[in-house]
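Note sheet for the following structure.
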Amino acid sequence: MKKYLLFLLALPFLWVSCSDDDNSFGIEELSYDGPNEAAPILPLGTFEAAARFPASITSDYSGRSLDVVQFYLENVPLRTWVKVYGDGGNNAPGTLLYEREVTDDVFPFRWNSHSLDIPVTINGDDLWIAIVVEHENGNYGSIGCDPGPATSNGDWFLDVDFTTNWETFRNFTNNAVSINWNIRGELTN
């Protein structure tokens, strides 16, 4: 009987401790990717990998701030930048809202984190988070990706040296590679 009574007294504590925790720090994450799998091999040049978060996602976060961009690098490229763009439409980003070169602050085979000097306020419009990598040698894997399959906005790509037209990485590889970039944005209140 004592064991039964002890169990009944402990039950409320177990129930409370197992309930969903609210996010007491007020941090939310924008991302499409899963765990890092690899980094696609890219030729010599400058490339921009981006994740587009449409208004249907960002409207839930209006008034909050994008404070941190996280991204995975397999190999450190010659140069690396973090960029954030506003709404430009379905197939290209709009106004450049933030840009920083982070070359001296990145490391290979790990998640890298960049705190924005000036946080970007979420206004409910499309938001593009991009990582630019410059390769001095061809056949080089730098920006990380998950194993896929790609979501509709997790694999945007721009070959800066040859075009101004954004496309999905699936399109760039003629549907041979279906991934999501390891790019994430942290939002705070």
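Taken together, the values in this text are just the output of simple stated rules run on the coordinates, not laboratory data. All of these numbers come straight from a predicted model, not from anything done at the bench. Cβ coordinates were reconstructed from backbone atoms using ideal geometry, including for glycine residues, and neighbour counts include every protein chain displayed.
Note on segment 97-189: with charges restricted to the Cβ of Lys and Arg (+1) and Asp and Glu (-1), its dipole about the Cα centre is near 380 debye.
Do the sum for the chain: with -39,500 (n - 2.57) for every DSSP H run of n ≥ 4, divided by all residues, what is the mean residue ellipticity at 222 nm, to the nearest 500 deg cm²/dmol? Intermediate results must be reported in sequence, preceding the final value.
Working: 3 runs with 25 residues, N = 189.
It comes out at -3500 deg cm²/dmol, rounded to the nearest 500.
A Förster radius of 25 Å, combined with the Cβ-Cβ distance separating ASN137 from ASP67, puts the computed FRET efficiency at roughly 0.15. Overall shape of segment 90-155 was characterised from the C-alpha gyration tensor. The equivalent ellipsoid obtained from it has semi-axes of 23, 18, 12 Å, in decreasing order. Placing +1 on the Cβ of every Lys and Arg and -1 on the Cβ of every Asp and Glu, with nothing else charged, gives the chain a dipole about its Cα centre of roughly 680 debye.
Would you mind calculating the gained length between ASN189 and ASP60 on full extension (0.36 nm times residue separation, minus the Cα-Cα distance), in nm to one decimal? Mind showing how you got there, number by number?
Working: separation 129, 0.36 × 129 = 46.44 nm, distance 1.22 nm.
That works out to 45.2 nm of additional length.
For segment 113-134, the residues whose backbone nitrogen is under 20 Å from a point 7 Å from the Cα of ILE27, taken along Cα to Cβ, are 113-122, 129-130.
Between the beta carbons of ASN165 and GLU37, assuming R0 = 25 Å, the FRET efficiency works out to 0.40 to the nearest 0.05. Counting every C-alpha pair in the chain, the share spaced more than 22 angstrom apart comes to 49%.
Quick one: length gained pulling VAL76 to THR103 fully straight, 0.36 nm per residue minus the C-alpha distance?
My answer for the length gained is 8.9 nm.
Just to confirm the number: angle between the C-alpha axis of helix 2-18 and the first principal axis of the chain, 0 to 90 degrees, nearest 10? Compared with the principal axis, the helix lies near 30 degrees.
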